[in-house]
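Let me begin by handing over the structure; questions about it come next.
The values are calculated or read from the model by the stated rules, or taken from the named source; none is laboratory data. Everything numeric in this text was worked out from a predicted model, so none of it was measured. Cβ placement follows ideal geometry from the backbone for every residue including glycine, while neighbour counts extend to all protein chains displayed. These area figures cover heavy atoms from the full protein model, side chains too; ligands, DNA and RNA do not enter into them. Shrake-Rupley method; radii C 1.70, N 1.55, O 1.52, S 1.80 Å.
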Amino acid sequence: MPKTTPAHAFPRLLIASCAFLFISGYFVVRFPDVEGAEYASYGFNLLIALPAFIALVRQFGAARGAAALAAIAVFGYLIEGFGVATGYPYGEFYYGDPLGPTILGLVPYLLPLSYVPLVIGAVAVVSGTGTVLRRIVLGGLLLVVVDGVLDPGAAALGFWIWPDGGPYYGVPLSNYVGWLISGLIASALLTWIGGRRLTAAPLRPGLVDSLLVSMFLWLGVCVFSGLLFPAVLAAALIVLLVRRRLQLAETAHAPRESDEPVEAAPRS
């Protein structure tokens, strides 16, 4: 199998985006009260989410890709709204003002822009690792690990609040039980909708890009907030995502069997 060129493995725009978002973590931490920041976050989150959204539509096809995005977005709204209203399955929490307007006073409108790319990236990372059940379980577990980076940073920024706190940087352990439940369901939903498009064809490297750049942002937030363990966890996830993208890029640009030159039969 031929080696993947650096341009195929990591486009310059992706490298620049990772660096930019890491540095952005400094400004998010140091200047949290900039006027209009809650509205700018829509554009910011959209730019982060676009690579995964585009790659998913290309991987699944327009109709199935749009259905997958809509299904995960609706599921995210429902389970998060239920969680805020009832305290289950995450524990008692609510969203802070920095995330802008909410639906029925429960969940920010921008939720799909932040949640859906995480699910797409997690499913792409574990794709090809055995049975469907194994992939769903690993996808759910990976989302819990991702949340081990997100929630301490988000709590420090006031993005969401647990009134009673918790042992993990102010986050209760019930939150991670909830993330496991929601992660398993979301992974199963995306895996079911994707079907053979997740297994029969090479996966597009762009499926992991939004999760990758998001981890660079949250690495910056954790570093500049002094959150040591979440920062180490973010760095470990970045290594995992970089390795997975290299694998996907190499597979995507490998010649198919039909493309191999056919040797001429020797003359008798």
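In the range 168-177, which residue that is open to solvent by 20 Å² or more (accessible area, probe 1.4 Å) and among the aliphatic types (A, V, I, L, M) is nearest to the chain's Cα centre (by Cα)?
177
Which members of the range 151-167 meet the condition of being over 16 Å from residue 92 (Cα atoms) and surrounded by fewer than 21 Cβ atoms within 10 Å (Cβ to Cβ)? Steps first, please.
Taking the range 151-167 first, the residues over 16 Å from residue 92 (Cα atoms) are 153, 156-157.
Across the range 151-167, the qualifying residues are 156, 157.
This table checks each residue for (1) crowded, with 18+ Cβ neighbours inside 10 Å; (2) out of contact with any Ser or Thr (no Cβ under 8 Å at 6 or more places or on another chain); (3) more than 23 Å from residue 63 (Cβ to Cβ).
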position	(1), (2), (3)
179	yes, yes, yes
191	yes, yes, no
199	no, no, no
228	no, yes, yes
235	no, yes, yes
248	yes, yes, yes
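Could you tell me whether any residue of the range 159-167 is at pLDDT below 95, in a helix (DSSP H, G or I) and within 18 Å of the chain's Cα centre (by Cα)?
No: the range 159-167 contains no residue that is at pLDDT below 95, in a helix (DSSP H, G or I) and within 18 Å of the chain's Cα centre (by Cα).
Residues that are part of a helix (DSSP H, G or I), at pLDDT 95 or above, under 20 Å from the mean Cα position of the chain (by Cα) and closer than 17 Å to residue 14 by Cα: does the range 219-228 have at least one?
Here is the first cut: in the range 219-228, the ones part of a helix (DSSP H, G or I) are 219-225, 228.
Among the residues that remain, those that are also at pLDDT 95 or above are: 219-225, 228.
Next cut, under 20 Å from the mean Cα position of the chain (by Cα) only: 219-223.
Adding the requirement that they be closer than 17 Å to residue 14 by Cα leaves 219-220.
Checked the range 219-228: at least one residue is part of a helix (DSSP H, G or I), at pLDDT 95 or above, under 20 Å from the mean Cα position of the chain (by Cα) and closer than 17 Å to residue 14 by Cα.
Turning to a different aspect of this structure: Just to be sure I understand, how many residues within the range 29-88 are under 20 Å from the mean Cα position of the chain (by Cα) and acidic (Asp, Glu)?
So the count comes out to 1.
Looking for whichever is open to solvent by 10 Å² or more (accessible area, probe 1.4 Å), part of a helix (DSSP H, G or I) and within 24 Å of residue 93 (Cα to Cα) here; the options are 184, 240. Which one fits?
Numbers: 240 fails: within 24 Å of residue 93 (Cα to Cα).
Sole residue among the options that is open to solvent by 10 Å² or more (accessible area, probe 1.4 Å), part of a helix (DSSP H, G or I) and within 24 Å of residue 93 (Cα to Cα): 184.
For residue 200, are the conditions met, namely being aliphatic (A, V, I, L, M) and under 19 Å from residue 114 (Cα atoms)?
Working: aliphatic (A, V, I, L, M): yes; under 19 Å from residue 114 (Cα atoms): no.
So residue 200 does not fit the description; no.
Here is a further query. Tell me yes or no: at least one residue of the range 213-223 is more than 20 Å from residue 77 (Cβ to Cβ) and touching a Lys or Arg at 6+ places or on another chain (Cβ under 8 Å). Outline the logic, then answer.
Quick first cut of the range 213-223, residues more than 20 Å from residue 77 (Cβ to Cβ) only: 213, 215-223.
From what's left, touching a Lys or Arg at 6+ places or on another chain (Cβ under 8 Å): none.
No; the residues of the range 213-223 include none that is more than 20 Å from residue 77 (Cβ to Cβ) and touching a Lys or Arg at 6+ places or on another chain (Cβ under 8 Å).
For residue 76, are the conditions met, namely being crowded, with 20+ Cβ neighbours inside 10 Å, modelled with pLDDT of 95 or more and touching a Phe, Trp or Tyr at 6+ places or on another chain (Cβ under 7 Å)?
The answer is yes for residue 76.
From 148, 121, 140, grab the single residue that is buried (at least 24 other Cβ atoms within 10 Å of the Cβ), touching a residue at least 24 places away in the same chain (Cβ under 8 Å) and assigned to a helix (DSSP H, G or I). Spell out the reasoning first.
Values: 148 fails: buried (at least 24 other Cβ atoms within 10 Å of the Cβ); 140 fails: buried (at least 24 other Cβ atoms within 10 Å of the Cβ).
Residue meeting the stated conditions: 121.
Checking the condition closer than 28 Å to residue 191 by Cα and among the charged types (D, E, K, R), which residue from 151, 164 passes? Quick ask: steps written out before the conclusion?
On the way: 164 fails: closer than 28 Å to residue 191 by Cα.
On inspection, the qualifying residue turns out to be 151.
Please identify the pairs in which a residue from the range 160-188 that is over 21 Å from residue 233 (Cα atoms) has its Cβ atom under 9 Å from the Cβ atom of a residue that is of a type in the set (Ser, Thr, Tyr) and open to solvent by 40 Å² or more (accessible area, probe 1.4 Å), counting only partners at least 6 apart or on another chain.
161/94; 162/94; 163/94
Would you check if residue 133 is open to solvent by 30 Å² or more (accessible area, probe 1.4 Å), in a helix (DSSP H, G or I), aliphatic (A, V, I, L, M) and free of Cβ contacts under 8 Å to residues at least 24 places away in the same chain? If you could, list the steps in order and put the result at the bottom.
Numbers: open to solvent by 30 Å² or more (accessible area, probe 1.4 Å): yes; in a helix (DSSP H, G or I): yes; aliphatic (A, V, I, L, M): yes; free of Cβ contacts under 8 Å to residues at least 24 places away in the same chain: yes.
In short, yes.
Out of the residues in the range 79-88 meeting the condition of being of a type in the set (A, V, I, L, M) and in contact with a Leu (Cβ under 9 Å, 6 or more places away or on another chain), tell me which one is surrounded by the fewest Cβ atoms within 10 Å (Cβ to Cβ).
Narrowing the range 79-88 to residues of a type in the set (A, V, I, L, M): 79, 84-85.
So of that shortlist, the ones also in contact with a Leu (Cβ under 9 Å, 6 or more places away or on another chain) come out as 84-85.
Values: 84: 19, 85: 13.
Ranking the candidates gives 85 first.
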